[in-house]
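**Q** Have a look at the structure that comes next, please.
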Amino acid sequence: MKQIRLIIGVLVMSAFLIFPALAQESPAATAEDVRQLLFEAQSALMGGDSVGAAQAVQDAETIYTNTLRPPIAAVAPEIAEMLDANFASALAAAESGEANSLAALRGRIWADLLGGGTALTLNALENGDAGTARHWLLLREFRASTRFSRPNADATLAIDGLLRGQGDVRAALESVEADLFDTYQAQLNGALSDADQANARGYAMKRAEEAGLAAGYFEILAGAYGEQRGDDALSSARAAFAALIDAATDSSKSAFELARADVDAALRGFRAAPLSDAELARRAGQLTRFISLVPVEYERGVRDGRITSDLEIQEANTFRDGAAAAFADLQPMLDAIDATTTTQVAELLETVKTQIAAVATPEDLRTTVETISRTLDGLMPEAWKAANSDSDMDVILSVLQQVENAAAQGQYALAESARLEAYALLELGMEQKLLGYAPDLALRIESAFWAGDARQAGLATLLATHAPMGEIRASLGVLRAALAEAQAALSNIKSAPGAVAGNAAVIIFREGLEAVLILASLLASLRTAEELRYRRPIIIGAGLAFLATGLTWVAANALLTTLLPLGERLEAIVSLIAIGVLLLITNWFFHKVYWTGWMANFHSQKRRLIGGTRMVALSQMIGLVVLGFTSIYREGFESVLFLQSLVLEAGIFVVLRGVTLGLIGVAIVGFITFKLQVRLPYKKMLVVTGVMIGAVLLIMVGHTVHVMQAVGWLPITPIAGVDIPLWMGQWFGLFATWQGVGLQIASAVFVIGSYFWAERINIQKRRREVPANAAASGAGD
């Protein structure tokens with residue numbers, strides 16, 4: 001057997017020496033070969049064969065040296081040096097028969113190889129080389145997929161997007177780094193947990209291997225740790241992990257526990273890849289919902305101090321574990337808010353686990369859970385407590401898994417109870433939004449929960465008839481697919497980019513048209529040779545207004561950036577401001593005042609400036625510059641206010657495309673007006689663009705109502721029997737809710753009504769003027 005293994009080792013090494021490119025084609029497979037040879041060394045040492053163990057370590061090092069070391073050393077020489085040292089230590093451990101030390105080094109070498117793959121992937125992305133990044137990304141691990149987490153494919157998707165010519169390199173780099181760091185922090189926590197279990201059971205070799213893995217995983221995250229906490233803290237953390245390996249290989253259980261405590265202290269509050277605001281809110285929703293379900297499941301499985309349903313107790317434990325996992329993600333941020341209270345929540349979560357194991361009374365468990373809920377309510381920021389469709393979906397899917405588990409064990413009554421629980425969660429949470437924004441999906445999901453349709457029987461029907469498990473799983477598959485589609489729809493109810501760009505172009509063209517007319521009106525009256533010299537300062541003022549508008553745009557975006565933590569609430573506030581601006585623009589009565597009073601005021605200022613005899617030339621020029629500035633800047637300021645809501649909705653680049661189109665249109669009108677001296681049908685153009693802005697107003701009102709409903713500022717009342725396609729909401733802001741449609745109608749009535757009201761006032765004014773003119777004419781006679 002030993003000779004066969006040696007022959008295989010020689011053949012493998014020969015293949016790598018003869019075909020070195022082979023290793024480059026599959027770094028993950030090469031690293032796995034190294035890992036397997038180290039496992040064989042470990043197995044040989046357990047059998048007392050130190051010579052065979054040493055040979056296996058040498059074979060592993062040869063493969064590494066000839067294939068993986070060159071690229072790793074070129075990008076991350078410190079990782080290559082660590083691997084060199086660890087291979088040397090592994091050989092010494094194999095030769096001296098130190099099985100625990102070899103186990104720890106095997107874990108550390110594997111993690112260091114993963115660190116090399118991470119470094120090469122990130123380096124390739126920094127250099128814009130997506131192909132190389134994709135090649136080295138294969139050398140990685142993944143988080144375990146559970147009921148409370150999804151398989152992490154963010155890095156793969158980001159790099160594949162770059163290879164297809166989609167996405168931004170910087171954004172892809174951030175996505176890949178966050179995915180990998182999040183993975184290895186999860187693996188670090190898992191290795192430490194496995195080491196604890198091995199220590200409790202007296203498995204010294206397993207304890208040592210997991211300690212080595214944990215130290216290696218931490219080294220992958222060391223850069224982020226040092227950036228967040230400084231070099232001194234990083235040195236202390238590395239020392240704590242080194243002490244942990246020493247304790248794992250040589251010491252007693254109690255010594256290992258002390259070393260573990262130091263590691264826990266070093267890691268407390270550390271998160272290599274901080275969660276986004278949306279992820280924080282999602283985890284918070286998971287935590288509160290999962291913990292609230294624990295006593296519900298527990299009460300169903302316990303009676304008179306005895307367990308009556310193992311499945312219900314299993315579900316109670318599962319929900320408790322889900323709450324603990326969400327809490328672990330939030331703990332660094334909660335520590336920063338109130339470390340003492342956060343520690344109290346952590347202890348209470350452990351108390352829940354203990355109470356379930358000890359079969360405590362349901363009342364005691366519920367009291368503990370209620371204490372957790374009250375404490376979290378006072379501890380978590382308000383932004384985390386908002387309704388979150390993603391966390392609702394996580395809980396619903398978890399309960400549906402309970403349906404499947406119960407049905408698989410033939411416990412159809414329990415399965416039906418879980419089905420009703422999942423439907424209640426849907427009905428109390430996201431169903432109202434679905435009815436308002438995607439009623440067809442809402443009906444499909446409701447049908448899948450209950451009777452089903454001609455193609456697929458519903459879940460309620462199948463459970464009631466004790467249908468075969470295959471049919472139940474098929475029904476659950478249909479239901480989960482519909483829920484996933486609904487989640488995607490609710491997450492992407494944004495205006496279509498084309499609609500946003502079009503709205504931006506319309507508003508810029510309209511405001512620009514008004515600016516051109518104002519400037520043309522001011523300049524047109526300066527016709528004589530003596531007056532022509534007054535045109536220049538007015539034009540300079542208009543140019544300064546254009547520059548000031550650009551600076552206002554920059555300042556507004558900077559302000560929005562500082563307010564981004566408000567999330568959708570900021571979008572709702574800014575959208576309300578934008579609607580106010582649009583109502584002002586579209587109000588015909590206001591425009592009657594604008595074109596009479598406001599324009600008359602500009603001309604009055606102009607006459608005063610050019611006609612004053614006591615005014616010195618400098619102050620006269622300054623006054624004309626200010627006149628040109630104020631006449632144009634107002635239009636620019638209105639535009640900036642309106643466009644900010646579109647930036648929050650669709651992003652700055654989409655809006656800038658629309659702004660560019662609008663400015664091109666304004667430039668064409670300006671060229672025709674000022675250069676070619678051609679009189680355009682300005683009044684008709686104002687009327688047409690006014691109608692277009694009225695349409696923009698209605699779209700804006702619809703989307704603003706949607707945002708206000710999303711943040712809980714407005715209720716959602718679906719219009720029964722009305723099914724509006726989702727694309728109409730994305731393009732026209734039209735959703736089948738009474739609030740949205742009602743406010744859109746109210747806005748239209750206000751704008752149209754203001755026009756007729758202004759016309760009524762004008763008619764009455766003309767009627768009063770006719771008798772007065774007649775009387776004056778008679779008196780003259």
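**Q** Do you know which residues across segment 136-158 are under 30 Å from GLY322 (Cβ atoms), in a loop (DSSP other than H, G, I, E, B) and at pLDDT 85 or above?
**A** Here is the first cut: in segment 136-158, the ones under 30 Å from GLY322 (Cβ atoms) are 137, 140-158.
Still in the running and in a loop (DSSP other than H, G, I, E, B): 140-145, 147-148, 150-153.
Matches in segment 136-158: ARG140, GLU141.
**Q** Within segment 203-224, does at least one residue satisfy the condition of being open to solvent by 50 Å² or more (accessible area, probe 1.4 Å) and assigned to a loop (DSSP other than H, G, I, E, B)?
**A** yes
**Q** Every residue in segment 104-124 that is of a type in the set (A, V, I, L, M) and within 21 Å of GLN185 (Cα to Cα), please.
**A** Listed by number, the residues that qualify are ALA104, LEU105, ILE109, ALA111, LEU113, LEU114, ALA119, LEU120, LEU122.
**Q** Filter segment 182-225 for residues that are among the hydroxyl-bearing types (Ser, Thr, Tyr) and within 24 Å of the chain's Cα centre (by Cα) and give the result.
**A** Those that are among the hydroxyl-bearing types (Ser, Thr, Tyr) and within 24 Å of the chain's Cα centre (by Cα): THR183, TYR184, TYR225.
**Q** Hey, another quick one. Would a scan of segment 200-210 turn up a residue that is more than 30 Å from GLU370 (Cβ to Cβ) and without any contact (Cβ under 8 Å) to a residue 40 or more places away in the chain?
**A** Checked against the condition, which is being more than 30 Å from GLU370 (Cβ to Cβ) and without any contact (Cβ under 8 Å) to a residue 40 or more places away in the chain, segment 200-210 yields at least one hit.
**Q** Which residues, counting only those in segment 248-278, are part of a helix (DSSP H, G or I), without any contact (Cβ under 8 Å) to a residue 24 or more places away in the chain and either under 25 Å from the mean Cα position of the chain (by Cα) or within 16 Å of GLY202 (Cβ to Cβ) (or both)?
**A** Once the filter is applied, which keeps residues that are part of a helix (DSSP H, G or I), without any contact (Cβ under 8 Å) to a residue 24 or more places away in the chain and either under 25 Å from the mean Cα position of the chain (by Cα) or within 16 Å of GLY202 (Cβ to Cβ) (or both), segment 248-278 yields SER254, ALA255.
**Q** Still on this structure, please answer the following. Can you run down the residue pairs with Cβ atoms below 7 Å, 6 or more apart or on separate chains, where the first is in segment 734-745 and closer than 14 Å to GLY721 by Cα and at pLDDT 85 or above and the partner is in a loop (DSSP other than H, G, I, E, B) and open to solvent by 30 Å² or more (accessible area, probe 1.4 Å)?
**A** TRP738/THR717
**Q** Going by what's in this entry, would SER495 be described as of a type in the set (S, T, N, Q), at pLDDT below 85 and out of contact with any helix residue (DSSP H, G or I) (no Cβ under 6 Å at 6 or more places or on another chain)?
**A** no
**Q** Related question: Taking into account only those residues within segment 340-362 that are open to solvent by 50 Å² or more (accessible area, probe 1.4 Å) and hydrophobic (A, V, I, L, M, F, W, C), which is nearest to ALA186 (Cα to Cα)?
**A** If we take residues in segment 340-362 being open to solvent by 50 Å² or more (accessible area, probe 1.4 Å) and hydrophobic (A, V, I, L, M, F, W, C), then ALA357 is nearest to ALA186 (Cα to Cα).
**Q** Would you check if GLY301 is crowded, with 17+ Cβ neighbours inside 10 Å and over 23 Å from ASP392 (Cβ atoms)?
**A** Values: crowded, with 17+ Cβ neighbours inside 10 Å: yes; over 23 Å from ASP392 (Cβ atoms): yes.
So GLY301 passes the test.
**Q** Another question about this same structure. Would you pick out the residues in segment 72-126 that are of a type in the set (D, E, K, R) and over 16 Å from ALA28 (Cβ atoms)?
**A** Within segment 72-126, GLU78, GLU81, ASP84, GLU95, GLU98, ARG106, ARG108, GLU126 meet the criteria.
**Q** Tell me yes or no: at least one residue of segment 546-569 is in contact with a His (Cβ under 9 Å, 6 or more places away or on another chain) and either at pLDDT below 80 or surrounded by fewer than 17 Cβ atoms within 10 Å (Cβ to Cβ) (or both).
**A** Taking segment 546-569 first, the residues in contact with a His (Cβ under 9 Å, 6 or more places away or on another chain) are none.
Checking segment 546-569: not a single residue is in contact with a His (Cβ under 9 Å, 6 or more places away or on another chain) and either at pLDDT below 80 or surrounded by fewer than 17 Cβ atoms within 10 Å (Cβ to Cβ) (or both).
**Q** How many residues are open to solvent by 50 Å² or more (accessible area, probe 1.4 Å), assigned to a helix (DSSP H, G or I) and free of Cβ contacts under 8 Å to residues at least 12 places away in the same chain if we restrict to segment 159-192?
**A** Residues flagged as open to solvent by 50 Å² or more (accessible area, probe 1.4 Å), assigned to a helix (DSSP H, G or I) and free of Cβ contacts under 8 Å to residues at least 12 places away in the same chain within segment 159-192 amount to 2.
**Q** Answer yes or no as to whether ARG374 is within 30 Å of PRO715 (Cβ to Cβ), among the basic types (Lys, Arg) and assigned to a helix (DSSP H, G or I).
**A** yes
**Q** Among the residues of segment 38-46, is there at least one that is surrounded by 23 or more Cβ atoms within 10 Å (Cβ to Cβ), within 20 Å of ALA111 (Cα to Cα) and free of Cβ contacts under 8 Å to residues at least 60 places away in the same chain?
**A** No, segment 38-46 has no match at all.
**Q** How many of the residues in segment 304-339 are on the phi < 0 side of the Ramachandran plot and either open to solvent by less than 30 Å² (accessible area, probe 1.4 Å) or among the charged types (D, E, K, R) (or both)?
**A** Of the residues in segment 304-339, the ones on the phi < 0 side of the Ramachandran plot are 306-339.
Then drop every residue that is not either open to solvent by less than 30 Å² (accessible area, probe 1.4 Å) or among the charged types (D, E, K, R) (or both), which leaves 306, 309-313, 315-316, 318-324, 326-327, 329-330, 332, 334-335, 338.
The number of residues fulfilling the criteria is 23.
**Q** With GLY301, GLY305, GLY322 as the choices, which residue is in contact with a strand residue (DSSP E or B) (Cβ under 8 Å, 6 or more places away or on another chain) and at pLDDT below 90?
**A** It is GLY301.
**Q** So in segment 91-145, with the set limited to residues that are β-branched (Val, Ile, Thr) and touching a residue at least 60 places away in the same chain (Cβ under 8 Å), which one is surrounded by the fewest Cβ atoms within 10 Å (Cβ to Cβ)?
**A** THR118
**Q** Restricting to segment 225-247, count the residues that are of a type in the set (Gly, Ala, Ser), open to solvent by 20 Å² or more (accessible area, probe 1.4 Å) and free of Cβ contacts under 8 Å to residues at least 12 places away in the same chain.
**A** The total comes to 3.
**Q** State yes or no: is LEU618 in a helix (DSSP H, G or I) and modelled with pLDDT under 80?
**A** So LEU618 passes the test.
The values are calculated or read from the model by the stated rules, or taken from the named source; none is laboratory data. All of these numbers come straight from a predicted model, not from anything done at the bench. Backbone-built Cβ (ideal geometry, glycine too); neighbour counts: all protein chains shown. All accessible areas refer to the heavy atoms of the entire protein, side chains included, with ligands and DNA or RNA removed. Shrake-Rupley method; radii C 1.70, N 1.55, O 1.52, S 1.80 Å.
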